[in-house]
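A quick write-up on the structure given underneath.
The values are calculated or read from the model by the stated rules, or taken from the named source; none is laboratory data. In this text, all values refer to a predicted model and were calculated from it rather than measured experimentally. No Cβ is skipped: glycine too gets one built from the backbone with ideal geometry, and neighbour counts run over all protein chains shown. For the accessible areas, the whole protein counts, side chains as well, though only heavy atoms, and no ligand, DNA or RNA atoms are used. Shrake-Rupley method; radii C 1.70, N 1.55, O 1.52, S 1.80 Å.
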Amino acid sequence: SRVAALPLLVASGLVHELGHAAALLRAGYPPGRIGVGMLAVLPVLWCDVSAVGMLAKRERVRVDLAGPILQLAVAGLCSAVGRLMSGPAAAVCATVAAWAFLATGWSLTPFFRADGFWVLTDLVGLDDLDRPPRRGDPRRTLLLLAAYRLAHAIFFGALAAAALRRADPQTGAGGLALGVGLALAGMVVLRVTRFVRPLVRQFP
């Protein structure tokens, strides 16, 4: 069922990107290309909606959310259809629905540079919520940037701690957990350092 579900999952991802494109077109700007790229080690579909920066806050958020909403609708439709079927077809629909729900949840997580990140960035009115502080930033901007970086560090720090708890160099899975945990911990330290250093320079 997983192999048969894969093309349908890709189709749900395409619907997701077409949702972004349609929302941008509705706002009066033509979308760019749709393609495939890599985020870390994961293949992802993408749609060029660079023109979203020309829109007002409400329209930007609408473009950000259009993709996840449509993919969530596909997931719900697959789940409903699966309940009306039986056998392998029902299993395929259930698998597609589960994967599409997970993909939607992942895209709305604000700690990756995916839809949830841009929704949050647009809601608070910044150009990039994950950028380092700049000289001349108002206090509100500095507080928002610091709060996001702190939340980001807590999220990935918790993932690192969970991986390290499973670490056992004597087993393959335990060795992988150790490597992932150390990599995540190192990333948290590096990102916090890159954020604090400009602040120290700005406020000696």
With criteria (1) over 26 Å from Ser50 (Cα atoms); (2) aliphatic (A, V, I, L, M); (3) under 16 Å from the mean Cα position of the chain (by Cα), Leu143 comes up short on (3)
Within the stretch 35-60, residues of a type in the set (Val, Ile, Thr) and surrounded by fewer than 15 Cβ atoms within 10 Å (Cβ to Cβ) come out as Val36, Val41
Looking across the stretch 61-83 at residues that are more than 14 Å from Thr121 (Cβ to Cβ) and either charged (D, E, K, R) or modelled with pLDDT under 90 (or both), the single one that is surrounded by the most Cβ atoms within 10 Å (Cβ to Cβ) is Arg62
When restricted to Val188, Val192, Val180, the only residue surrounded by fewer than 16 Cβ atoms within 10 Å (Cβ to Cβ), touching a helix residue (DSSP H, G or I) at 6+ places or on another chain (Cβ under 9 Å) and under 24 Å from Arg113 (Cα atoms) is Val192
Output for Cβ contacts, cut-off 8 Å, separation at least six or different chains, first residue closer than 17 Å to Ala73 by Cα in the stretch 1-26, second open to solvent by 80 Å² or more (accessible area, probe 1.4 Å) and among the hydrophobic types (A, V, I, L, M, F, W, C), reads Glu17/Trp46; Gly19/Ile69
Per the filter on the stretch 138-162, residues farther than 17 Å from Phe112 by Cβ and touching a helix residue (DSSP H, G or I) at 6+ places or on another chain (Cβ under 7 Å) are Leu144
In the stretch 153-203, residues that are farther than 30 Å from Leu143 by Cα and polar (S, T, N, Q) total 2
